[in-house]
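I have placed the structure first, in the form of structure tokens, so that the comments after it can refer back to it.
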Number of protein chains: 2
Amino acid sequence: MPRARSGETRERIQAAALDLFSEQGVQQTSLRAIAERLGLTKPALYYHFPSREELVRSLVQPLIEDIEELIARDEAAGSTDPRALLGGYFDASCRHRRVTALVARELATLSYLDLGARVMDWRRRLIALLAGPEPDLTAQCRAVTAIGGLSDCLVFFGDADPSELRPAVLAAALSALGIEDAEDAEGAADAEGRRAAEEPEGPEKREAGKPEAAGGA
Amino acid sequence: MPRARSGETRERIQAAALDLFSEQGVQQTSLRAIAERLGLTKPALYYHFPSREELVRSLVQPLIEDIEELIARDEAAGSTDPRALLGGYFDASCRHRRVTALVARELATLSYLDLGARVMDWRRRLIALLAGPEPDLTAQCRAVTAIGGLSDCLVFFGDADPSELRPAVLAAALSALGIEDAEDAEGAADAEGRRAAEEPEGPEKREAGKPEAAGGA
DNA sequence: GTCTATAGTAAGATAGAC
DNA sequence: GTCTATCTTACTATAGAC
């Protein structure tokens with residue numbers, strides 16, 4: 001797709017779409033509504049995105065790539081540090097915070113992106129990493145609770161400062177796994193003031209896959 | 001073609017709708033599809049339900065009432081036993097298992113039922129009950145993780161036997177809260193074989209579990 | 001590169017016969 | 001209680017003007 005001079009409109013469309021999707025839901029938001037908010041018309045949208053589906057995909061794709069890379073790297077590493085893995089998962093979700101919330105609320109709606117199967121696949125692989133190869137049901141529930149709780153907190157406390165949220169969420173998730181966490185929310189909050197920017201939709205690859213422990217040591 | 005007895009067709013419509021909603025999502029399922037599966041036509045559906053929205057509402061309403069009653073009762077009790085509250089929440093969700101999964105996957109889609117606000121309200125009240133009146137962020141995250149993890153497990157292990165799932169899920173949720181759980185998944189699985197069936201049942205307070213084996217994952 | 005106009009499609013809903 | 005037929009509406013998508 002030639003993006004002659006101004007890919008500016010394209011990004012404005014993505015921003016407006018994400019706003020409206022977050023407010024009203026994906027299916028409930030028509031292309032007309034997006035166009036109107038920008039003072040454009042529907043065909044103008046189709047100039048920048050070949051279809052509605054591609055517009056949605058362009059929003060979700062960066063999150064997908066981030067998460068898949070995170071999991072793949074941990075799988076390749078051979079051994080898993082739960083704290084590091086959950087921390088990385090939090091950071092990745094946080095970098096795409098609004099999209100994460102969207103996906104959490106609309107799994108069914110976004111099924112045409114393979115998202116249902118994809119998220120299920122992530123969970124299975126994360127469970128394997130966190131609970132071992134053939135875990136009993138309790139261990140599996142602990143892993144599901146840790147991962148799901150992490151996302152839930154990110155969505156529920158959508159306005160909280162990520163650097164405050166991070167240690168609190170990790171403490172809960174590690175607890176769910178049955179791992180004693182050395183950190184305390186208050187005590188370690190600033191120990192590793194890791195921020196995860198609010199909305200850098202730009203393709204920014206993460207490469208701090210294995211910082212020794214996510215915040216404590 | 002036997003004349004349908006009063007209420008029979010209505011229930012067949014609800015069953016078919018729930019099937020299709022679970023398979024394809026709510027928005028993706030048209031009234032035409034529901035009618036076709038039953039060998040009926042759209043107008044026949046409109047005889048039993050005044051609108052599509054009312055059909056959906058009739059499916060979700062029982063879950064809503066169960067959960068709201070559960071929370072209200074615990075609030076009225078004055079003091080909260082986390083194990084009993086989470087157990088009751090599991091049982092209620094389990095009685096409406098498929099609807100619970102639907103709601104979890106389609107919060108945004110079902111917003112016209114006030115569901116978004118409603119679920120948020122439930123969470124706030126459950127957090128207050130589980131984490132106390134003015135909890136710090138970590139305590140709140142623990143509560144969110146416990147509740148969210150509970151639902152996630154019910155959805156993720158959608159085919160698991162509820163009586164097996166119950167102790168496993170509760171162990172994870174209580175762990176997330178930072179509460180040591182005396183029960184063990186294997187040890188208490190069959191001793192715990194009580195209802196959590198699909199059918200309505202007078203909500204009851206759950207008492208503490210069996211102080212049996214120990215040892216989480 | 002952006003817009004106007006419109007084709008094509010599908011859904012929710014109603015009227016009236018049987 | 002269920003059907004045939006029909007209506008209204010709303011959206012995606014395309015063709016072509018500026």
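The values are calculated or read from the model by the stated rules, or taken from the named source; none is laboratory data. Since the structure is predicted, the reported quantities are computational estimates derived from the model, not experimental observations. Heads up, the Cβs are rebuilt from the backbone with ideal geometry, glycines too, and the neighbour counts pull from every protein chain shown. Quick note on the areas: whole protein, heavy atoms, side chains included, nothing else; ligands and nucleic acids left out. Shrake-Rupley method; radii C 1.70, N 1.55, O 1.52, S 1.80 Å.
Restricting to region B:43-60, what's the tally of residues that are surrounded by 14 or more Cβ atoms within 10 Å (Cβ to Cβ) and without any contact (Cβ under 8 Å) to a residue 24 or more places away in the chain?
Matching residues across region B:43-60 total 2.
For region A:129-141, how many residues are free of Cβ contacts under 8 Å to residues at least 12 places away in the same chain, more than 10 Å from chain B (Cβ to nearest Cβ) and part of a helix (DSSP H, G or I)?
Total meeting the criteria: 0.
B:ILE34: within 14 Å of DNA strand D (Cβ to nearest atom), hydrophobic (A, V, I, L, M, F, W, C), open to solvent by less than 30 Å² (accessible area, probe 1.4 Å) and in contact (Cβ under 8 Å) with a residue 24 or more places away in the chain, yes or no?
Spelling it out, it is not the case that B:ILE34 is within 14 Å of DNA strand D (Cβ to nearest atom), hydrophobic (A, V, I, L, M, F, W, C), open to solvent by less than 30 Å² (accessible area, probe 1.4 Å) and in contact (Cβ under 8 Å) with a residue 24 or more places away in the chain.
Need at least 1 residues that are among the aromatic types (Phe, Trp, Tyr) and more than 14 Å from chain A (Cβ to nearest Cβ) per element, so show me which helices (runs of 4 or more DSSP H) inside region B:1-120 make the cut, counting only ones lying wholly within it.
Because the criterion is at least 1 residues that are among the aromatic types (Phe, Trp, Tyr) and more than 14 Å from chain A (Cβ to nearest Cβ), the helices (runs of 4 or more DSSP H) in region B:1-120 that meet it are B:42-48.
Consider A:ALA76 against the criteria (1) free of Cβ contacts under 8 Å to residues at least 40 places away in the same chain; (2) within 27 Å of A:VAL119 (Cα to Cα); (3) within 14 Å of DNA strand D (Cβ to nearest atom); (4) not basic (Lys, Arg): it satisfies all of them except one. Which criterion is unmet?
So A:ALA76 meets the others, but not (3).
Only one of these is over 24 Å from A:TYR112 (Cβ atoms), among the charged types (D, E, K, R) and not assigned by TED's automatic domain parsing to the domain that holds B:PHE157: B:GLU65, B:GLU23, B:GLU54. Name it.
The conditions single out B:GLU54.
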